[in-house]
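One structure below.
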Amino acid sequence: MSLYRVAVVGATGAVGSEMRRLLRDRAFPASEIVPFASERSAGKTLDDGLVVQGLVDDERLDGFDVAIFSAGGGVSKAWAPTFAARGAIVVDNSSAFRMDPDVPLVVSEVNGDALDHINKGIVANPNCTTMAIMPPLHALHEEFGLVSIVATSFQAAGGAGQKGMDELIEQVPGLLADPTALAQRGAEAAAGVGETPVFGKALAFNVVPLLGTDTGNGYTDEEMKLQNESRKILGIPELGVSPTCVRVPVMVGHSIEVKATFEREPSVARALEVMGAHAGVELDDVPTPLEWAGKDPVAVGRVRQDLADPKSLNLFVVGDNLLKGAALNTVQIAELLHERGLLRAGATA
């Protein structure tokens with residue numbers, strides 16, 4: 001069996017830590033895993049005994065077969081082409097390359113064949129919200145012909161990384177100290193949580209219906225990702241998408257309510273059958289993010305015929321945004337690259 005040198009860029013973050021764990025737990029055939037992070041973390045010994053390297057354009061970047069990134073779009077734009085130029089295939093978890101027509105955007109259970117067309121040495125990992133709904137929608141599309149979706153997300157604090165989870169937890173004690181204010185004087189209570197640099201408004205005991213940066217059309221970049229990435233992954237350029245993204249006081253696990261409309265009239269029974277048989281999907285009558293945190297598959301429940309349109313179904317999808325939404329799919333892509341003989345060591349062998 002071929003063994004690969006693997007770089008993990010952004011190795012100290014919440015997603016990067018999961019990537020390192022998954023590479024070990026899933027027994028990816030690695031001869032060496034080298035963690036990279038910012039210069040301030042260089043030299044730090046991680047809990048798995050690996051020593052963090054700083055990102056410096058020198059011989060330390062040579063000799064990698066695959067480099068998996070979760071360090072933000074700026075780092076990816078600056079360093080992914082460098083790793084690729086030195087022979088590694090980069091699997092990038094940021095938004096930097098997702099809509100590049102020469103970069104495959106891959107959900108491992110949906111469109112792995114796209115890996116046969118890696119023109120820049122880079123593969124993109126979808127947004128965590130898009131990711132969750134792709135496996136069930138792919139199953140439904142193959143059966144009924146998907147035409148459009150109305151998608152409303154309920155996204156966890158962990159979608160903003162460790163700093164998001166920290167901000168949520170820090171707000172809870174102060175709000176619990178005065179339950180009356182929380183119930184009767186909401187504005188006063190919200191003002192008392194202090195600075196909210198991550199979410200803009202208090203998230204604890206609240207929901208924030210603005211997630212991401214406005215793109216000039218009233219929709220945020222997070223909402224536009226749902227449209228643009230879904231079209232690319234499913235290969236439906238004209239897919240109608242009406243997205244709304246909401247932040248909710250959940251630590252880990254994104255939930256999405258989807259109204260899906262099809263060419264052919266669907267039945268609930270057949271929809272459940274095809275989704276339940278699809279890789280990466282499990283059925284659950286009432287899936288919740290708390291119960292599905294830490295689990296690899298996405299869960300689908302509340303599947304109902306639409307009351308007004310016989311060609312539409314309503315369904316509720318839950319997925320761990322740190323696992324399938326980010327780290328897991330990235331490692332699964334690396335596994336697919338190995339299986340297809342697309343990594344350098346495998347190709348050489």
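Every number here is computed from the coordinates shown, using simple stated rules; none is lab data. Only a predicted model underlies this, so the values are computations on that prediction, with no experimental measurement involved.
Just the number: Rg to Rh for the range 74-146, Cα atoms, Kirkwood Rh, two decimals. When Rh is taken as the Kirkwood radius, the ratio is 1.03. Across Ala189, Ala156, Ala67, mean-square fluctuation computed from a Gaussian network of the chain (C-alpha pairs under 10 Å connected) peaks at Ala189. Across all directions, the average projected area of the convex hull around the alpha carbons of the range 79-120 is 3.0 nm². Given in Å, the Rg to one decimal and the Dmax to the nearest whole number for the Cα atoms of the range 19-154 are 17.0, 53.
Within the range 182-312, the proportion of Cα pairs with more than 17 Å between them is 71 percent. By definition, a body whose alpha carbon gyration tensor gives a ≥ b ≥ c is oblate when a/c is 1.5 or more and a/b is not larger than b/c, and the range 117-156 fits this oblate description.
Two numbers describe the Cα atoms of the range 27-70: Rg and Dmax, which are 10.9, 30 Å.
Radius of gyration (Cα atoms) of the chain, expressed as a multiple of 2.2 N^0.38 Å: 1.02.
Result for the chain in a Gaussian network model with C-alpha springs under 10 Å: among Ser41, Ser31, Ser312, the largest mean-square fluctuation is at Ser31.
Please build a GNM for the chain, connecting alpha carbons under 10 Å apart, and tell me which residue among Leu290, Leu322, Leu146 fluctuates the most. Among Leu290, Leu322, Leu146, the largest GNM mean-square fluctuation belongs to Leu290. Summed over qualifying helices (DSSP H, 4 residues or more, each -39500 (n - 2.57)) and divided by its residue number, the chain shows a 222 nm mean residue ellipticity of -9500 deg cm²/dmol. Distance from the alpha carbon centroid of the range 292-310 to that of the range 120-158 works out to 13 angstrom.
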